[in-house]
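Scroll down for the structure; my scribbles are underneath it.
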Amino acid sequence: MFYPNYIGIFINPFYLARKNLADAIYKLSIGISGSLIDVGCGTKPYRKYFKVDCYRGLDIDSVEARKKAIADDFYDGFSFPYQDEIFDSALCNQVLEHVFNPDNFLSEINRVLRPSGKLLLTVPFVWDEHEQPYDYARYSSFGLRTLLENNGFRVITQLKLGADASIIFQIANAYLYKVTLNWPKIPKLFFTFTIMAAINLFGIIAGRLLPNNPDLFLDQVIYAEKVL
């Protein structure tokens, strides 16, 4: 699901989005070092990309998160359970859209980072509501940059993923995934291996042949530095 190879074209309805995201995180992970805090870590899906001295997962305190037994620490939704300036870097992957108080959230990330600490942040832009009812926001490229700058970060790299014709095919598969979610297992698998796989293939081809559109994209990836 999170490291899609060519087989993912045939079995992963979210291949186009996940491939772009994995490639971008891998590329920018090179700039991450020292001790890292994975904020909203979930299952730590990209853990293997980060060659760091210490990797610590932080998640919102909930029954579900504690059942997973993957996070190292938990927070109450307001303050992180750490002292000031103890991490060299932070990862926050597809989490900010689920945060109702983003200024407080980013200020907490800033607080626990050492001076010049690095932040690798990803967020969706064109995507369906997910993890309902805890889906609160979508950020334009300008809004996200301003939000980070207002909370003590300098944006070094800002990427727009899926800013080409492949976005049409990924949204089509996202739609089909939701409407077939409750189908019987065998018809659903057949539909995935055939129709959704064909949509993935057409998306790859269209993304390479047709012009890009930087104003319409699936996800954003930010690589930033603590300055305040």
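When you go through 91, 148, 144 one by one, which is the residue that is touching a helix residue (DSSP H, G or I) at 6+ places or on another chain (Cβ under 7 Å), touching a residue at least 40 places away in the same chain (Cβ under 8 Å) and either surrounded by 16 or more Cβ atoms within 10 Å (Cβ to Cβ) or part of a helix (DSSP H, G or I) (or both)?
Checking each option against the conditions leaves just 148.
Scan segment 56-73 and tell me whether some residue there is hydroxyl-bearing (Ser, Thr, Tyr) and modelled with pLDDT of 95 or more.
Applying the first criterion (hydroxyl-bearing (Ser, Thr, Tyr)) to segment 56-73 yields 62.
Next cut, modelled with pLDDT of 95 or more only: none.
No, segment 56-73 contains no residue that is hydroxyl-bearing (Ser, Thr, Tyr) and modelled with pLDDT of 95 or more.
Being out of contact with any helix residue (DSSP H, G or I) (no Cβ under 7 Å at 6 or more places or on another chain), part of a loop (DSSP other than H, G, I, E, B) and over 20 Å from residue 99 (Cα atoms) is the filter here; which residues of segment 46-71 pass it?
Residues satisfying the conditions are 51, 52, 53, 69, 70.
Among the listed residues 163, 172, identify the single one that is part of a loop (DSSP other than H, G, I, E, B), small (Gly, Ala, Ser) and either over 22 Å from the mean Cα position of the chain (by Cα) or farther than 21 Å from residue 103 by Cα (or both). Even if it seems obvious, please write down each step before you answer.
Numbers: 172 fails: part of a loop (DSSP other than H, G, I, E, B).
163 is the lone residue from the list that is part of a loop (DSSP other than H, G, I, E, B), small (Gly, Ala, Ser) and either over 22 Å from the mean Cα position of the chain (by Cα) or farther than 21 Å from residue 103 by Cα (or both).
Tally the residues that are closer than 25 Å to residue 169 by Cβ and either buried (at least 20 other Cβ atoms within 10 Å of the Cβ) or of a type in the set (A, V, I, L, M) (or both), restricting the search to segment 103-136. Talk me through it step by step, then tell me what you get.
Residues of segment 103-136 that are closer than 25 Å to residue 169 by Cβ, as a first pass: 122-132, 135.
The next check asks that each one be either buried (at least 20 other Cβ atoms within 10 Å of the Cβ) or of a type in the set (A, V, I, L, M) (or both); those that pass are 122-126.
Here the count works out to 5.
Right, residue 172: without any contact (Cβ under 8 Å) to a residue 40 or more places away in the chain and among the hydrophobic types (A, V, I, L, M, F, W, C) or not?
Against the criterion (without any contact (Cβ under 8 Å) to a residue 40 or more places away in the chain and among the hydrophobic types (A, V, I, L, M, F, W, C)), residue 172 qualifies.
Being assigned to a helix (DSSP H, G or I) and open to solvent by less than 10 Å² (accessible area, probe 1.4 Å) is the filter here, so list the residues in segment 30-45 that pass it.
Result: no residue meets the conditions.
So residue 26 ticks every box in (1) surrounded by fewer than 18 Cβ atoms within 10 Å (Cβ to Cβ); (2) part of a loop (DSSP other than H, G, I, E, B) but one. Which box is left unticked?
(2)
The values are calculated or read from the model by the stated rules, or taken from the named source; none is laboratory data. Owing to the predicted nature of the structure, the values given are computational and were not obtained by experimental measurement. Neighbour counts run over all protein chains shown; Cβ positions are idealised from the backbone, glycine included. Side chains are part of the model used for accessible areas, which takes the heavy atoms of the whole protein and leaves out ligands, DNA and RNA. Shrake-Rupley method; radii C 1.70, N 1.55, O 1.52, S 1.80 Å.
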